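The values are calculated or read from the model by the stated rules, or taken from the named source; none is laboratory data. Since we're looking at a predicted model, the values are computed, not measured. So basically every Cβ, Gly included, is an ideal-geometry build from the backbone, and we count neighbours across all protein chains shown.
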Amino acid sequence: MNLQQEIRARQGEIVKTLSELIRIPSVRGEPTEGCPYGAHSAEALRWVLELCVGMGFRTKNLGNRVGYAEFGEGEELVGILIHLDVVPVGGVWERDPFSGDVADGRVYGRGAEDDKGPGVAALYCAKTLMDLGVEPKRRVRLIFGTNEETSMDDMDYYVEREGVPDYAFAPDGLYPIINCEKGMAKIAFAREGGSPGAVVAFEGGTAVNIVPESARAILDGSRIDAAAVAQAARSYQGAAALEAETGADGRLTVTARGRAAHAAYAPDGVNAIGALALFLREQLKEQAGPLVSFLAACFGMQTDGAAARVRCEDEVSGPLTLNVGLAQAGETGQSAHIDIRYPVSRTAQELADTLAPLAARWGFSTAVTHDMPPLLVPEDSRIVRELSAVYEQVTGRPAFCRPRGVGTYCRKMAGRAVTFGAHLEDTPHTNYHEPNEFIEIENLMGHAEICIEAIYRLATMPAV
Ligand SMILES: [Zn+2]
């Protein structure tokens, strides 16, 4: 029985199903009656479960939040963790993001790579094993969530009702294996009252988990040499670009433009808030005010947390990354929000405790507003050993574990799940979370070849 040949024979069905599923625009929407994440997310779930019923799986829909399709018998359970929701479209697309177009050996559309393509492939892998009459030693369950991209509370809901699988993987990242997900914390700094100094207003960033592309400050021209500051901005040479504009009221507006990136990959971006704060501190000196002074002294454009004294790394997780995602100052208050992806050997509270006395020097309070603790599944755990063997058998490449700064459903699975695929090593970026997302059909099928072997192995391996 050659499972790779068997799944290859289903390529046409996989592509067709994926294309149809992309046409359901399952971005999180306003809750409606019975649809906590909006009508489209619920529609995607019902559509997939209906397909699964037709394929012969037992299915269950848990409150239009999460559902599953299952085959086989046994006490133990193998879980394949898939999400059917997608991030919003954003930006300029060359094709309708929900067309599901098939062209040039690719399937195009939001969700093609993240995570509908890998999910549909996994579904057909399970279906193929069922059709081949494979008798699993434990149940095989495809678990479809619909709120992964926002908060993952769909999987909390699932785990409360169904518990965690004995062995699980999420085809929602990269091969070979991601066994470590850094902790993810959001920390807020706040100070009440208007800004003493020349900075009348400061505004930067769109979301804490995005490196801010732009930031803007309005300066009181009567307290500074506005012409000199404007000239310095125009001749500024740095990673960001600066512009200055003098208003009729004598106020000077300085704008910084950087480059956006996901906070998990903060070193790839150029932080406009940091660039602007550094420039203003240099120019305004004691007129810079508390927000600019704090941002410039503790963060600047650093992404490793060195100046804020939180730089750290460990062998399994790699280094901490830090992003100042939002900053704001006005008449009534000043605030900044940072996103930290921290190694498994640290806690969010430890980091906040280090930052608090620094922030207090400029009059800011410190609070952890969100924390997702890190995940580490040991390399000698059975799930990692079995999936490593599968990977080496199918691809002929060495398997290895690596860390990542983003979260998947694996975090919700009590250390029993790792990310396994679906993106193949040494293949091009597929624009997931960006405009013009696509998946190469050849790479999708490459994933399917590994995935079918993984399900087979986990389903049929002897019990311990
Ligand atoms: Zn995903």
**Item:** Residues (in a loop (DSSP other than H, G, I, E, B) and under 22 Å from Tyr68 (Cα atoms)) located in the range 80-96
**Value:** Leu84, Asp85, Val87
**Asked** So which residues in the range 392-413 are away from the ligand (no atom under 16 Å from the Cβ) and of a type in the set (Val, Ile, Thr)?
**Response** Val394, Thr395
**Request:** Examine the range 98-115 for a residue that is under 23 Å from Cys410 (Cα atoms) and either assigned to a strand (DSSP E or B) or in the same structural domain as Ile210 (by TED's automatic domain parsing) (or both), and state whether such a residue exists.
**Result:** no
**Request:** With the condition kept exactly as written, say whether any residue in the range 59-71 is among the small types (Gly, Ala, Ser), in contact (Cβ under 8 Å) with a residue 40 or more places away in the chain and within 16 Å of the ligand (Cβ to nearest atom).
**Result:** no
**Request:** Please list, ordered by first then second residue, the pairs with beta carbon atoms under 8 Å, 6 or more apart or interchain, first in the range 127-152 and at positive phi, second within 16 Å of the ligand (Cβ to nearest atom) and part of a loop (DSSP other than H, G, I, E, B).
**Result:** Met152/Gly407
**Request:** Kindly list the number of the only condition in (1) more than 14 Å from the ligand (Cβ to nearest atom); (2) touching a helix residue (DSSP H, G or I) at 6+ places or on another chain (Cβ under 6 Å) that fails for Thr146.
**Result:** (1)
**Message:** Given the criteria at positive phi, touching a Ser or Thr at 6+ places or on another chain (Cβ under 7 Å) and touching a residue at least 40 places away in the same chain (Cβ under 8 Å), does Gly90 qualify?
**Reply:** no
**Prompt:** Which of the following residues is more than 16 Å from the ligand (Cβ to nearest atom), among the aromatic types (Phe, Trp, Tyr) and in the same structural domain as Pro36 (by TED's automatic domain parsing): Tyr167, Tyr175?
**Reply:** Tyr167
**Prompt:** Right, Gly29: crowded, with 16+ Cβ neighbours inside 10 Å and in contact (Cβ under 8 Å) with a residue 12 or more places away in the chain or not?
**Reply:** no
**Prompt:** Out of (1) on the phi > 0 side of the Ramachandran plot; (2) touching a helix residue (DSSP H, G or I) at 6+ places or on another chain (Cβ under 6 Å), what's the single condition that is false for Leu84?
**Reply:** (1)
**Prompt:** Tally time: how many residues in the range 80-96 are within 16 Å of the ligand (Cβ to nearest atom) and surrounded by 12 or more Cβ atoms within 10 Å (Cβ to Cβ)?
**Reply:** 10
**Complete:** The residue that is farthest from Gly133 (Cα to Cα), considering only those in the range 1-49 that are in contact with a helix residue (DSSP H, G or I) (Cβ under 9 Å, 6 or more places away or on another chain) and among the acidic types (Asp, Glu), is Glu30
**Request:** Go through (1) assigned to a loop (DSSP other than H, G, I, E, B); (2) within 16 Å of Val48 (Cβ to Cβ); (3) away from the ligand (no atom under 16 Å from the Cβ) and name the single condition Lys127 misses.
**Result:** (1)
**Members of the range 365-390 that are polar (S, T, N, Q) and out of contact with any helix residue (DSSP H, G or I) (no Cβ under 9 Å at 6 or more places or on another chain)** = Thr369, Ser381, Ser388
**Request:** Determine whether Val390 is assigned to a helix (DSSP H, G or I), at pLDDT 95 or above, hydrophobic (A, V, I, L, M, F, W, C) and surrounded by fewer than 19 Cβ atoms within 10 Å (Cβ to Cβ).
**Result:** no
**Request:** Check Ile439, Ile452 and return the single one that is closer than 22 Å to Asp104 by Cβ and not aromatic (Phe, Trp, Tyr).
**Result:** Ile439
**Item:** Residue in the range 394-416 that is in contact (Cβ under 8 Å) with a residue 24 or more places away in the chain, more than 25 Å from Val86 (Cβ to Cβ) and in a helix (DSSP H, G or I) present
**Value:** yes
**Asked** Within the range 417-451, how many residues turn out to be in contact with a helix residue (DSSP H, G or I) (Cβ under 7 Å, 6 or more places away or on another chain), away from the ligand (no atom under 15 Å from the Cβ), part of a loop (DSSP other than H, G, I, E, B) and in contact (Cβ under 8 Å) with a residue 24 or more places away in the chain?
**Response** 1
**Prompt:** Any residue at all in the range 346-355 that is in the same structural domain as Arg8 (by TED's automatic domain parsing) and over 23 Å from Leu142 (Cα atoms)?
**Reply:** no
**Item:** Residue that is away from the ligand (no atom under 16 Å from the Cβ), over 21 Å from the mean Cα position of the chain (by Cα), at pLDDT 95 or above and under 28 Å from Gly72 (Cβ atoms), where the choices are Glu160, Glu135
**Value:** Glu160
